[in-house]
1. Can you give the alpha-carbon Rg of segment B:308-540 over 2.2 N^0.38 Å, where N counts its residues?
2. Within segment A:10-273, what percent of beta bridges assigned by DSSP are antiparallel, to the nearest 5?
3. Is segment B:413-461 best put as rounded, prolate or oblate by its Cα gyration tensor, with a ≥ b ≥ c the root eigenvalues, rounded for a/c under 1.5, and otherwise prolate when a/b is larger than b/c, oblate when not?
4. About its Cα centre, how strong a charge dipole does chain B have in debye, to the nearest 20, once Lys and Arg get +1 and Asp and Glu get -1 at the Cβ?
5. When the dipole is taken about the Cα centre of the protein assembly as shown, and only Lys, Arg (+1) and Asp, Glu (-1) are charged at their Cβ, what size is it in debye, to the nearest 20?
6. So who's got an amide H within less than 5 Å of the one on A:MET197, skipping anything under 5 residues away but keeping other chains? H placed 1.01 Å off N, in plane.
7. With θ taken as phi - 60° and the coefficients 6.51, -1.76 and 1.60, list the Karplus ³J(HN,Hα) couplings across segment B:85-91 in order, rounded to whole Hz; mark glycine and proline as x.
8. Show me you know the interface measure: the accessible area buried between B and A, both chains summed, probe 1.4 Å, in Å² to the nearest 100.
Amino acid sequence: MSEHERTQTQPSTVDAESTVGEDEQSTGARTVIEARDVSVYYGQEQALQDVDLEIPRRQVTAIIGPSGCGKSTFLRCINRMNDLVDAARVDGRLRFDGTDVYGPEVDPVALRRRVGMVFQHPNPFPKSIYDNVAYGLRIHGRTDELDERVERALQRAALFEEVSDQLEKSALALSGGQQQRLCIARCLAVDPEIILMDEPASALDPVATSKIEDLIESLAEEYTVIIVTHNMQQAARISDQTAVFLTGGELAEYDDTDTIFEDPDSQRVEDYITGKFG
Amino acid sequence: MASGGASVDRLHGSTDVRLERLKGRLFEIALVAATLVGIVSLVVLFGYIAFDTFQPLTASIQWYLIYIGTLVTPTAAFTLYARRHPPIREANAKAFAVIGGALLVSLVTYIVADALDPYDVLLYVLFGAIPPAVIGAYARRSPDRTYTGPAVVVSTLVGIALAAGLYGVLRPIVGIIAQWVAYVGIVTLPVGAIVAQSVSRRWSLRRAALAVALVLVGTLAVAVGALVAGIEPSLPVVLFSGAVVPIGYVVGDTVANEPEGRIGVLGPFVLIGSVALGAFIERSVGVQGPESYLTPSLLLNSWHGRNAFEAGIYPQLVGSIVIVGFMSLLAFPVAIGAAVYLEEYVSDSGWRGRLATLLEVNISNLAGVPSVVYGLLGLALFRNTLGFGTGVVIAAAGTLGFLILPIVIVSAQEALRSVPDSLRQAAYGMGASRWQTLRTVVIPEAFPGILTGTILALARAIGETAPLVIIAVATTTYTSPDGLFSTAAALPLQIFAARSHPDPAFRHGIVPATAVVLLILMLMMNTTAILLRNRYDRDTHE
Ligand SMILES: Nc1ncnc2c1ncn2[C@@H]1O[C@H](COP(=O)(O)OP(=O)(O)O)[C@@H](O)[C@H]1O
Ligand SMILES: [Mg+2]
């Protein structure tokens, strides 16, 4: 975190000045997502408590914790998918490249074009494989060189070899693991900066899971990947940083993955990781 | 040992267990009885109606033998053969669907256009279709399609409004052309466009041009042939371009590209050939057929008040189709708009959420309001408030539209609700706006369901009688309606009128025969709904 210059990718249309304060000193170009005191409520119920977190660029950050502790909630804060839940309310400050994601001028639709998401259960559209990958490009009006972009996305998602001769076939005819890689390809096709993954392998068999894991590691060369998982070995294998959320929606510890798994600060995290609860 | 004795006891069962089992049996028997009562009484009713209509006892034994030999045996044999080979069965079903569908659509188009005046229909079709076609063609070339969607809708509406506004000027100009040329515009051009689209997508633009040229030349040849033979060419032109062309395209394509199933396309031709053969033998041998009331003259004649064998229901048939057609134009967009709003836009909380809940409760209640009450609503609105004439088409269409509105809204809402939320999440997660999510994912996925619900509602509307009586649609009519503001005619009303005719041939012949026609119309709609749904399910969810 030695560089203090702002990144060029910061959108100029969004008024970031007002939100730039003392935190700016600590956020270098390495940090892409910065959460400060983020709390989320569903109606009266609090799902996240004052989460403070800085997620570095082009690395894999894992979020682990017992179920119901708010992992998915935190992930959905980043691309504002919580907006779709009527009862949800987000407090605190969440910055993407220094811009307050919940600022008045941020359009969630524009935000989601830069922050892609892969869900727990593969959810391809009931369209052809090609149309699935081309979906984002089409709705964003980027239809030039469509074929090339679709092919490249499928290749980056390590799916092209398997489907290259059946691009017009229904995506629903693919296996679960292929469907999930298709969803990743769909997400990659629009070149997002961040990819959020919510337990992307939990519905898959071991072989498909290991393919997805390999894929995630290779994605980290180009993208920032934030992955929720309930599988601790998986987090240990593929991530650079790990955040441990514990029941009640608090962030118990956040550090390099090695530190978290070998020498965690807090006893509760150690108990959780060694399987004493959760 | 005490515990051992207890477990043996349990295995042998006790009176309790036997009693429970007996109760279960009795319940099952009661269920079977309930099912049978329902089905058997319906079968008896339909059998009774069919018996009165077709008078099967008046036919001689020889007649049955002829048709068992020429019709039943070959058709059944072919069907059994086709059923054992899936590709053949598939081709067979496809051939039946395209032949039945194309014939039906072109005949309905013809009789509706004929009733409403083909020149008027041409005028509105041209003005409604050309602007969006031009915009679509332009949009295909330009990279920016932001405004294409709204432009298509607006241009269609503007085109139709323009046609209505300039009607006085344009109608005489259109009127110069021969009537069959108007049908070329109404049927041949759209069919040609569809063929061109399909051919160019599958093969090449050159072949598409060739195919269109073929369609046009063929149509022209048919028209010239009819003129030479001294027949009015309108119907031949419609049948050629509306039925022969699509049938030829699909059947030819199947024969050429599906070698395994190509035999299957013979199915409908076997059926048609058998009927023709039977009729030929019947004619040449001179056997006594049944004195059926359901004859071509019933379908094609106008009403006749005295002679049951000359009475026809053509005006009522056309009237029912026209009413239901206009009704769908009025009700479909409104109902689907309401359903999409209630299902996709309104949030669950706040005053709008409460308003939506209130609306939804009311809509489900409206679906159960007696149709007579809708008749009163139609009377109050269309005649007393808007001052339309008595029993005109638009009043009938509007009244029935109100009647089916809640039904369509509820079924469309259900269809939208059945679209998995994960698909919406996927679209939003890709940075789609709500409108884009709806247009590209939710509505396409819900569409077959919406369509099915709508067609079922149409089938309900076509049989409605009470509201039409209330808005004073004439029960007996001698001419088909020729526009929105002309007097309506409807099949169920004619049944109602003929029921009180002094001549028993009307009461026990024409009434059931007309009921059969109505039932067949309804069955065709329901079949269409089922076919569409199955087809879509197979296409996207394999
Ligand atoms: N849409 C929602 N409405 C109400 N409560 C929710 C909603 N989504 C999640 N919650 C609640 O928020 C808490 C955290 O949920 P979630 O983020 O899904 O946990 P995790 O992904 O860690 O299992 C849970 O108690 C859950 O019941
Ligand atoms: Mg979760």
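The values are calculated or read from the model by the stated rules, or taken from the named source; none is laboratory data. What you see is a predicted model; the values in this text were computed from it and never measured. Note that we place each Cβ from the backbone using ideal geometry, even for glycine, and neighbour counts take in every protein chain shown. The accessibility values were calculated without ligands, DNA or RNA, using every heavy atom of the protein model including side chains. Shrake-Rupley method; radii C 1.70, N 1.55, O 1.52, S 1.80 Å.
1. That works out to 1.17 for segment B:308-540.
2. 60
3. prolate
4. With only Lys, Arg, Asp and Glu charged at Cβ, the dipole is about 780 debye.
5. Result for the protein assembly as shown is approximately 4260 debye, rounded to the nearest 20.
6. It is A:VAL118, A:ILE226, A:ILE227, A:VAL228, by chain and number.
7. 10, x, x, 5, 4, 5, 5
8. It comes to approximately 1900 Å² buried between B and A.
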